[in-house]
Amino acid sequence: MGVANKIRKTIQLLKHRRRLQPFVNSSIFFMENAEQSIWGSITEEDEAGIEAAVASASLHPGPIVEIGALFGHTTTLLATLKGTDTQLIAVENFTWNPFFLSDDEHRQFTKRSLRYILKNCSTSIYDGSAEGFYSANQDMKPSMVFIDAGHDYGSVRRDIDWAMQSGCPVISGHDYHKEIHPGVVKAVDESFGSDVRIFGSVWLHVSEGLQS
């Protein structure tokens with residue numbers, strides 16, 4: 001490589017270092033927590049929890065609502081496990097992703113990844129915030145709500161509170177990690193106490209008398 005090319009590449013790195021630094025930080029975080037299920041990835045234990053949740057939800061009418069789809073890994077699993085006539089609504093506003101894609105790039109990537117289930121599996125995306133979805137669906141009673149959007153305490157409590165107020169019999173979610181996501185653990189423990197089952201990093205609450 002000539003000196004001019006080396007200089008040009010160095011200038012490009014300096015020019016984009018503000019954009020590169022967050023990406024590098026995310027990559028390091030992922031490598032340091034490779035054994036954990038983070039950013040939409042799910043382990044076999046997690047899958048067992050989601051399967052148990054969907055099985056319990058199948059006993060009740062109403063759609064399955066996923067709060068936070070990210071790239072659609074869990075969305076695809078939910079669509080695979082649910083009944084063919086059960087509606088699945090994935091709520092995603094495409095404002096954050098660990099690879100710092102733009103909102104439009106994130107939206108396009110996810111919708112293309114989910115193309116088959118969106119067309120063939122009674123699945124839809126609510127393109128907007130969770131608050132907007134709750135406001136637009138005040139009378140909805142889902143059979144199941146799966147919470148995997150904001151992981152701070154306030155966001156998780158908001159999502160749980162809506163699910164409980166709707167009368168949803170099966171409430172579940174992802175990233176129950178005391179070290180990585182203490183806000184999730186605090187919100188879940190405050191809401192349900194010991195009446196919650198843990199599968200890997202998936203938590204599951206089924207209303208009393210409805211456990212399978």
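Do we have Arg17 as charged (D, E, K, R), modelled with pLDDT of 70 or more, more than 25 Å from Arg157 (Cβ to Cβ) and not assigned by TED's automatic domain parsing to the domain that holds Thr110 here? Steps first, please.
Working: charged (D, E, K, R): yes; modelled with pLDDT of 70 or more: no; more than 25 Å from Arg157 (Cβ to Cβ): yes; not assigned by TED's automatic domain parsing to the domain that holds Thr110: yes.
Here the answer is no, as Arg17 does not meet what is asked.
Any residue in region 97-108 that is assigned by TED's automatic domain parsing to the domain that holds Ile67 and under 24 Å from Ala53 (Cβ atoms)?
no
Collect the residues in region 151-188 that are in a helix (DSSP H, G or I) and of a type in the set (A, V, I, L, M, F, W, C), keeping them in residue-number order. Walk me through it before giving the result.
First, pick out the residues of region 151-188 that are in a helix (DSSP H, G or I): 153-165, 182-188.
Once the filter is applied, which keeps residues that are in a helix (DSSP H, G or I) and of a type in the set (A, V, I, L, M, F, W, C), region 151-188 yields Val156, Ile160, Trp162, Ala163, Met164, Val184, Val185, Ala187, Val188.
Given the options Asp152, Asp148, Asp159, name the one that is more than 16 Å from Val65 (Cα to Cα), within 14 Å of the chain's Cα centre (by Cα), of a type in the set (Asp, Glu) and in the same structural domain as Ala53 (by TED's automatic domain parsing). Break it down into steps so the answer makes sense when it comes.
Numbers: Asp148 fails: more than 16 Å from Val65 (Cα to Cα); Asp159 fails: more than 16 Å from Val65 (Cα to Cα).
Just one listed residue meets the conditions, Asp152.
Quick one: count up the residues across region 42-91 that are part of a strand (DSSP E or B) and touching a Leu at 6+ places or on another chain (Cβ under 7 Å).
We begin by selecting, within region 42-91, every residue part of a strand (DSSP E or B); these are 64-67, 88-91.
Adding the requirement that they be touching a Leu at 6+ places or on another chain (Cβ under 7 Å) leaves 64, 66, 88.
Count: 3.
Here is a yes/no grid of residues against (1) modelled with pLDDT of 95 or more; (2) polar (S, T, N, Q); (3) within 23 Å of Glu47 (Cβ to Cβ):
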{"position": "Ser113", "(1), (2), (3)": "yes, yes, yes"}
{"position": "Ser143", "(1), (2), (3)": "yes, yes, yes"}
{"position": "Asp148", "(1), (2), (3)": "yes, no, yes"}
{"position": "Ile160", "(1), (2), (3)": "yes, no, yes"}
{"position": "Gly183", "(1), (2), (3)": "yes, no, no"}
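The values are calculated or read from the model by the stated rules, or taken from the named source; none is laboratory data. On a predicted model such as this, the values are computed, not experimentally measured, just so you know. Ideal geometry is used to build each Cβ from the backbone, glycine not excepted, and the neighbour counts take in all protein chains shown.
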